[in-house]
Amino acid sequence: MAKPVQVLIVFDTRLGHTMNLAFQVAHGVKMVEGCEAVTRRVVAQEPESIIPRDEDYERVRAQFEPIEACSLADLEAAEAIVTGSPTRFGVMTHGMKALWDATGELWQRKALYGKVGSAFCSTSTPHGGQEMTIWSLLLPMMHHGMLICPPGYGDPSYFKAASPYGATQWSGPDSDRDMGPNEEQAAIFLGRRVAEVARQLSLAPVAH
Ligand SMILES: Cc1cc2nc3c(=O)[nH]c(=O)nc-3n(C[C@H](O)[C@H](O)[C@H](O)COP(=O)(O)O)c2cc1C
C-alpha cells in the first residue's frame, strides 16, 4: 500500500478556540482518500505567572498538553504543513514563532522546499487582526520556499466567515464564543483543500 500523504497540523492555544479549529482542519484532511492528518502542538513560551489559571484554562490545558509537541522531524516528514495560532496583537504566538526560529538547519537543507502550506487563527474580535495573523503564519513558509495554498472563496462558508487567506474564528470580548457553523465549515474546507493539493503534487514529486 502506498504511503499516505501526510498533512501536519501544528497549533498553539490557551483558551481552546484555535485547538477546535485544528481538529476541524484535521477532519477535512481525513476526508481526502490517501491522506493522513498528524496533529501537533507547539511549546508555550510565555511565563506561567502571566497566565490566568482558571477552570476554563485548566480544562483546555488538560486537552492540549497530552498532544505531542511538534518536532523538526515532524515538519520534515509532512507533505503539507498547516499552522494555527491565536492572535497576539496581530501576529502568531511566541510559541509558534519559536518553532520556526528553530528551523534554520531545515532551511539550509531546503528540507521544507515545495511543501504545501496554509494557516488558520482565532482572535477575540472579528477585526482584531485575523488576516495579519494568518499572514504572519505564512511568512516563514514562504522563506522556506513552501507553496502557499489559500482557501480563497472555494467554499460558500468563506462568503460568510473566515478569510480567503485562511480559516478563522473569533471568540468574543470574553473569549467564550464558540465557532459558528460557517467558521467550522471553513476550517474543514481548508484541511480538505490542502490535502487535495498535497496529494496531487505528491503524484509527481520533483527533487530540488
Ligand atoms: C497578549 C494577548 C494579545 C492579544 N491580542 C489580540 C488582538 O490583537 N486582537 C484580538 O482580537 N484578540 C487578541 N487577543 C485575544 C486572543 O487572540 C483570543 O482570545 C483568541 O480567541 C484565543 O485563542 P485560543 O482560544 O486558541 O487561545 C490577545 C490575547 C492575548 C493574551
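Each value in this text was obtained by applying a stated rule to the coordinates, not by laboratory testing. In this text, all values refer to a predicted model and were calculated from it rather than measured experimentally. Ideal geometry is used to build each Cβ from the backbone, glycine not excepted, and the neighbour counts take in all protein chains shown.
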| task | Can you work out the PRE-style zone for residue 65? Point 7 Å along Cα to Cβ, and I want the residues of segment 80-120 with backbone N under 19 Å. | result | 95-96
| If we count other beta carbons within 10 Å of each Cβ, what is the order of 136, 175, fewest first? | 175, 136
| request: For residue 159 and residue 3, calculate 0.36 nm times their separation in residues minus their Cα-Cα distance, and state this gained length in nm to one decimal. | output: 52.6 nm
| Cross-link reach list, lysines versus residue 115, counting only Cα pairs under 23 Å and skipping chain neighbours closer than eight places | 3, 30, 97
| message | Between residue 31 and residue 53, how high is the FRET efficiency from 1/(1 + (r/R0)^6) when r is the Cβ-Cβ distance and R₀ = 35 Å? Nearest 0.05. | response | 0.40
| task | In Å³ and rounded to a whole number, note down the convex hull volume per residue for the Cα atoms of the chain. | result | 114
| field | Cβ charges +1 (Lys, Arg) and -1 (Asp, Glu), total dipole of the chain, debye | value | 620
| message | So, R0 is 30 Å and r is the distance between the beta-carbons of residue 177 and residue 109; what FRET efficiency does that work out to, to 0.05? | response | 0.10
| request: Could you pull out the GluC sites (Glu not before Pro) across segment 1-53 that fall in loop regions by DSSP (anything but H, G, I, E, B) with no more than 14 other Cβ atoms inside 10 Å? | output: 33
| So for 51, 188, fewest C-beta neighbours within 10 Å to most, what's the order? | 51, 188
| trypsin sites (Lys or Arg not before Pro) lying in DSSP loop within segment 37-97, provided at most 16 other Cβ fall within 10 Å | 53
| field | Exposure proxy ranking, count of Cβ atoms within 10 Å, fewest first, for 171, 49 | value | 49, 171
